[in-house]
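Just below is one structure, and these are the notes that go with it.
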Amino acid sequence: MDLAEIWRVMRRRWYVLLPGLLLTAALTTAVHLLIPVEYQSQSTVTLLNSSKATEAFDGNPFLSTQASLTGMADGLARNLNSDGAKADLKALGVTGKHEVKIADNAQGPFMWLTVTGTDPAAVLKSDELLAGYADKRLKEFQTQQSVAPEAMIRMATIVPPQKPEAQTKTRLQYIVMVGALGFVLSLVAVFFVEARRRTPRGKNRPAPAGTPAADTPAPASATPVATDETMALRTVGPSGAGSP
């Protein structure tokens, strides 16, 4: 079946295709309205060596980066993603979903603090609260280990919480999926109806009046058919002479 034939079938069965397309349009509109737009804000922080450890570098913490800081960043990120931290953040007023992880392709103890939600203003505020809570937890870890204040690892903000940006990829994927599925099902319904309405040629058709059945043998003729030998005898005759 070529495209021309498909188009002819769609035109012929428009009364099946049209309701399917209208239902598909209604479903895609419902998905568009029911799935809200999500907004995301992200900030970047880094862990710095203690003031005591930077004395040899004239107090410049960026010159004394150690591998142990990356391990501390990983441990802090895991703690901030825990259920206990989620409960604390919720009590502080953080809404939406938050995530803390080491920055991709980071060459040091850099961390991404990300908050996702449906209210842009609340998302931005939540990202700021998350950054403050992360600094607080870092100090609590070291206080529990009786670390002297001058030897504590510090946190610095590299990129402050950014303006929330709309994340439309997920909703667009659902809309495309529903639209494609609805269109395919509409075509299936069209060709199903077409197949049901078509009748194979030569079958289930009444035979014309006066036409004998195909399996009924023709009646034998009452008049004998003259053979070649009979015609020869008539011509030659009993004595062998030709007839006058």
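Does Ser68 fit the bill of being open to solvent by 50 Å² or more (accessible area, probe 1.4 Å), farther than 26 Å from Leu34 by Cβ and hydroxyl-bearing (Ser, Thr, Tyr)? For Ser68, the condition - open to solvent by 50 Å² or more (accessible area, probe 1.4 Å), farther than 26 Å from Leu34 by Cβ and hydroxyl-bearing (Ser, Thr, Tyr) - is met. Filter the stretch 3-39 down to residues that are assigned to a helix (DSSP H, G or I), at pLDDT 90 or above and among the hydroxyl-bearing types (Ser, Thr, Tyr) and give me whichever is surrounded by the fewest Cβ atoms within 10 Å (Cβ to Cβ). Ranking the candidates gives Thr29 first.
Any residue at all in the stretch 27-45 that is among the hydroxyl-bearing types (Ser, Thr, Tyr), touching a residue at least 24 places away in the same chain (Cβ under 8 Å) and within 30 Å of Arg197 (Cβ to Cβ)?
Within the stretch 27-45, the first condition is being among the hydroxyl-bearing types (Ser, Thr, Tyr), and the residues that meet it are 28-29, 39, 41, 43-44.
From the residues that got through so far, the ones that are touching a residue at least 24 places away in the same chain (Cβ under 8 Å) too are 28, 39, 41, 43-44.
Retained after the next criterion (residues that are within 30 Å of Arg197 (Cβ to Cβ)): 28.
Looking for residues that are among the hydroxyl-bearing types (Ser, Thr, Tyr), touching a residue at least 24 places away in the same chain (Cβ under 8 Å) and within 30 Å of Arg197 (Cβ to Cβ), one finds at least one in the stretch 27-45, hence yes.
The set of residues from the stretch 82-109 being loosely packed, with under 14 Cβ neighbours inside 10 Å and under 19 Å from Leu138 (Cα atoms) comprises Ser82, Asp83, Gly84, Ala87, Lys90, Ala91, Leu92.
Does the stretch 60-76 contain any residue that is closer than 15 Å to Phe110 by Cβ and among the charged types (D, E, K, R)? Looking for residues that are closer than 15 Å to Phe110 by Cβ and among the charged types (D, E, K, R), one finds at least one in the stretch 60-76, hence yes.
If you scan the stretch 135-170, which residues turn out to be assigned to a loop (DSSP other than H, G, I, E, B) and either at pLDDT 95 or above or within 39 Å of the chain's Cα centre (by Cα) (or both)?
Within the stretch 135-170, Pro160, Pro161, Gln162, Lys163, Pro164, Thr168 meet the criteria.
Restricting attention to the stretch 40-64, the residues that are farther than 30 Å from Leu124 by Cα and either at pLDDT 95 or above or open to solvent by 50 Å² or more (accessible area, probe 1.4 Å) (or both) total 8. For the stretch 120-145, filtering for residues that are open to solvent by less than 60 Å² (accessible area, probe 1.4 Å) and polar (S, T, N, Q) leaves 2.
The values are calculated or read from the model by the stated rules, or taken from the named source; none is laboratory data. Bear in mind that the values here come from a model prediction, so they are computed numbers and not experimental data. Positions of Cβ are backbone-derived with ideal geometry, glycine not excepted, and every protein chain shown enters the neighbour counts. Protein only, heavy atoms only, side chains kept; ligands, DNA and RNA dropped before computing areas. Shrake-Rupley method; radii C 1.70, N 1.55, O 1.52, S 1.80 Å.
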